[in-house]
C-alpha cells in the first residue's frame, strides 16, 4: 500500500533517566536534552545527517533557568539554522508534537525535534552538597528563543489561588472525593482501591529500566499514611502523588515518509502519529458541573480515534497522564477504557517519574518503543493534561502504514459547547452543599478542610474550615452532598 510522502512519522525517539544512588552525576537540563536527542538519533544510522536537517527544536519549559535550551541542543547537533521554540507551563506538551508533525507535513521544515527534560534531582543533590547545580552550556544562555509560546489564559482563578487550591494535589484530591461518591465506596474501600490501582503502576515501573522508582511497592504501602508516606491531601499520601524530583529527558524526531526514505532511515524505526486532538478550553474546578467528568477529553478521544479510522476497541497499549489517581480514573471513564487493563507504559508519574512539564514526551517515547517492538501490532493511545484536568489531548499511534490522512485538530470551541458550567461567586454565603472536598495537614497548625461548595441558589465557591473536629469528620466517610453553611466568604461550617 502506498502512503502520501508528506505523511509525518517519528523516526527517532529515546528517553534518558539518571537514576539516584552510586555513580549519579548532577547535570543541567540542557545536557540531559542533548543526551536524549543523541540517543534518539543514533539507531537511525543517519543520525548526523538527520540531526543537521532539523529545522525546529521545540522544548516545554521546566523548572530549569536557561532561556534557550533548544538552541543549545540544535547547535550541538549541527542544526545551526534551526528555530528554537520554548513553551511555557500551560501549553500542552502535546501541542509541541502536533506543531512538529504539521511543520514537516506542510514542508516548513525537513525534520523537527521535540525534546524536554527535568533535572530537579541534580538540584537536590547539589543542595545537599552545598554547591551550585551544574550550569548549562553558554549557548543556552545567549538569548531568548525564536518563538516563545504562552497559554492564552490562566488555568486557575484568583479565588482558587487565595483559598489554597494552587497545589495540584489539593485540586485532584477534591476530584477524587467526587469519584468516590459516584462509585459509592466507603473511605476505607476507596483508599484500598487507590492502593491496588497504583500498585499495578508500580509493578510496571519495576519491570521498566527507565523508570525512576523500581521497587514495586505494594498496595498497602502506597495507600496508607505512615512515617515514610506522609499525607499530602486526603486521600493522597506521598506515594499516590507525582514525583517530580527526577533527572529525566525525552526526545522525538518528526519527519516525513519522503525524507525518511530518502535518508534511508530503517523502516522498523518508523512510528506514525495517526491523529492528534486537543482542547485549550479553560473551565476551572469550581465551575465544572460534575467534578469527576471531563467532556473535553471525551471529545478529543472521539475525534482522534475517528481521525485514525479506528475505535476504542482497536486500542492496544495505552499511557494515560498519571499525575494523580483521579486523572487516570477520569480519563479512563471518558475514553471508555476499563480500569482493569494496563493504563501506563512507564509506571506512571509516581514510579516511572513525573518530570515537570515533560512527562507527555516520556510517555510518547515509551509508546514509540512499544509499537516498534511489536509491528505491525495494534494502535496505541496516549493522553496529555495541562493545568488541573483543564486542557486535554489525545494522540493515536501506529507502527503500520496509515490508512487515513494525518489529522491534528484543536477542539476548544466544540469542547465549550459540551462543557456545562456553574456560576461562581467568591462571596456566596448561606445554606449550601458540598460538591467535593479534601483535608490538608497544617504547617505547625491543625488540618484544614477545603471544599468546592454549591449554594442553594446554584452559585459555586471554594471555602475552608479550620476546625480540627470538622477535618476529622470529613476524613471518615463520604460527605459529598452534605449540607453546610457558608458563614462568610470562603468559610463554611457543617450543617444548616
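The condition of being assigned to a strand (DSSP E or B), surrounded by fewer than 24 Cβ atoms within 10 Å (Cβ to Cβ) and under 23 Å from the mean Cα position of the chain (by Cα) does not hold for residue 113.
All of 404, 382 fail the test of being assigned by TED's automatic domain parsing to the domain that holds residue 271 and part of a loop (DSSP other than H, G, I, E, B), apart from 404. Exactly one residue out of 196, 160, 144 is touching a strand residue (DSSP E or B) at 6+ places or on another chain (Cβ under 9 Å), part of a helix (DSSP H, G or I) and either in contact (Cβ under 8 Å) with a residue 12 or more places away in the chain or closer than 15 Å to residue 347 by Cβ (or both): that is 160. The strands (runs of 3 or more DSSP E) found entirely in the stretch 214-325 that carry 3 or more residues being closer than 25 Å to residue 191 by Cβ and outside the structural domain of residue 351 (by TED's automatic domain parsing) are 231-233. Considering the stretch 57-94, and only residues there that are more than 23 Å from the chain's Cα centre (by Cα) and more than 12 Å from residue 30 (Cβ to Cβ), the residue that is surrounded by the fewest Cβ atoms within 10 Å (Cβ to Cβ) turns out to be 80. Counted as qualifying within the stretch 8-104 are the helices (runs of 4 or more DSSP H) with 1 or more residues that are without any contact (Cβ under 8 Å) to a residue 60 or more places away in the chain and farther than 24 Å from residue 367 by Cα, namely 47-52, 69-77. Of all residues in the stretch 368-379, those that are in contact (Cβ under 8 Å) with a residue 60 or more places away in the chain, assigned to a loop (DSSP other than H, G, I, E, B) and at negative phi total 2.
Exactly one residue out of 17, 7 is over 23 Å from the mean Cα position of the chain (by Cα), under 28 Å from residue 319 (Cα atoms), modelled with pLDDT of 95 or more and surrounded by 18 or more Cβ atoms within 10 Å (Cβ to Cβ), and it is 7. When the criteria are applied in full, residue 233 fails the requirement of being in contact with a helix residue (DSSP H, G or I) (Cβ under 6 Å, 6 or more places away or on another chain), modelled with pLDDT of 95 or more and over 24 Å from residue 463 (Cα atoms). Among the residues of the stretch 442-466, those that are surrounded by 16 or more Cβ atoms within 10 Å (Cβ to Cβ) and in a loop (DSSP other than H, G, I, E, B) comprise 447, 459.
Residue count for the stretch 480-496 under the criterion of being in a loop (DSSP other than H, G, I, E, B) and modelled with pLDDT of 95 or more: the result is 5. When you look at residue 174, is it within 30 Å of residue 481 (Cβ to Cβ) and free of Cβ contacts under 8 Å to residues at least 12 places away in the same chain, yes or no? So residue 174 fails the test.
The values are calculated or read from the model by the stated rules, or taken from the named source; none is laboratory data. Fair warning: this is a prediction, and the values are worked out from it, not measured in the lab. Note that we place each Cβ from the backbone using ideal geometry, even for glycine, and neighbour counts take in every protein chain shown.
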